[in-house]
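Chemist: I have a structure here, written as structure tokens, and I will follow up with some questions on it.
Values quoted throughout were computed directly from the atomic coordinates according to the rules given, and no laboratory measurement underlies them. This is a predicted model, so every value here is computed, not measured. Cβ sites come from the backbone with ideal geometry, for glycine too, and all protein chains shown count toward neighbours.
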Amino acid sequence: MTQKVFFSDDGSTAMEAALKMVYQARIQRGEKTRTTFVSLANGYHGDTVGAMSAGHSPVFHAAYKPLLFETREVMSPACYRCPHNRAEPMRSTDARASRKCKWECVGELTTALNDLGETASAFVMEPRVQARRE
């Protein structure tokens, strides 16, 4: 297996390159229908066209909507603000420890991938910045 590294000067460019690499790999494998990227709600991946497409931040990207490619947005796991967390808030404990949900956020991702089937290309997740829309 050949291992390659792509160095980038910023996160937007890294995201753009990653999206293009996944797309190209799918095409080269003959998986021409696998064109839909799945990404978390409230994600911010940068300001290139690809990064904006995978992000869901209307405050920053609404003006560019006609330029963006279609993606599937799924719920971002955030136990502290989760609409499915039925636990009473307790100041002395971590929200993840007192949660009473059924991992609906994970279920939404699973459902999206099942619905997309052979059209799903990749799952995009920002490990550091998940913004909250108000």
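Chemist: Enter the per residue convex hull volume of the chain, computed from alpha-carbon coordinates, in Å³ rounded to the nearest integer.
Modeler: 154
Chemist: Where does helix 11-28 land angle-wise versus the long Cα axis of the chain, in degrees 0 to 90, nearest 10?
Modeler: 60
Chemist: Using a simple spin-label model with points 7 Å from Cα along the Cα→Cβ vector, what separation in nm is obtained for Thr33 and Thr110?
Modeler: 2.3
Chemist: Where does the chain land at 222 nm, in deg cm²/dmol rounded to the nearest 500, when only DSSP H runs of n ≥ 4 count, each adding -39500 (n - 2.57), divided by all residues? Display every interim value, and only then the final one.
Modeler: Values: 4 runs with 41 residues, N = 134.
Mean residue ellipticity at 222 nm (helix-derived): -9000 deg cm²/dmol.
Chemist: Right, here's the next one. What do you get for the angle between helix 104-116 and the principal long axis of the chain? Use alpha-carbon atoms, 0 to 90 degrees, nearest ten.
Modeler: In the chain, helix 104-116 runs at an angle near 30 degrees to the longest axis.
Chemist: Order by neighbour count: Tyr23, Tyr44, Tyr64, fewest other Cβ atoms within 10 Å first, most last.
Modeler: Numbers: Tyr23 18, Tyr44 21, Tyr64 12.
With the fewest neighbours first, Tyr23, Tyr44, Tyr64 line up as Tyr64, Tyr23, Tyr44.
Chemist: For the peptides 111-118, 13-20, what is the packing order when you average, over each peptide's residues, the other Cβ atoms within 10 Å and list the highest mean first?
Modeler: Working: 111-118: 12.6, 13-20: 18.1.
Descending mean neighbour count gives 13-20, 111-118.
Chemist: Would you work out the charge dipole size for the chain about its Cα centre, treating the Cβ of every Lys and Arg as +1 and the Cβ of every Asp and Glu as -1, and quote it to the nearest 20 debye? Mind dumping the intermediate values first?
Modeler: On the way: 18 positive and 15 negative charges, 72 e Å.
Its charge dipole is roughly 340 debye.
Chemist: List every residue whose amide H lies under 5 Å from the amide H of Phe123, counting only residues 5 or more places away in sequence or on a different chain, with H placed 1.01 Å from N in the peptide plane.
Modeler: Residues meeting the amide H criterion: Val38.
Chemist: Using amide H atoms built 1.01 Å from N in the peptide plane, name the residues 5+ places from Ala41, or on other chains, whose amide H lies under 5 Å from its own.
Modeler: Sorted by chain and number, the residues that satisfy this are Val74, Met75, Ser76.
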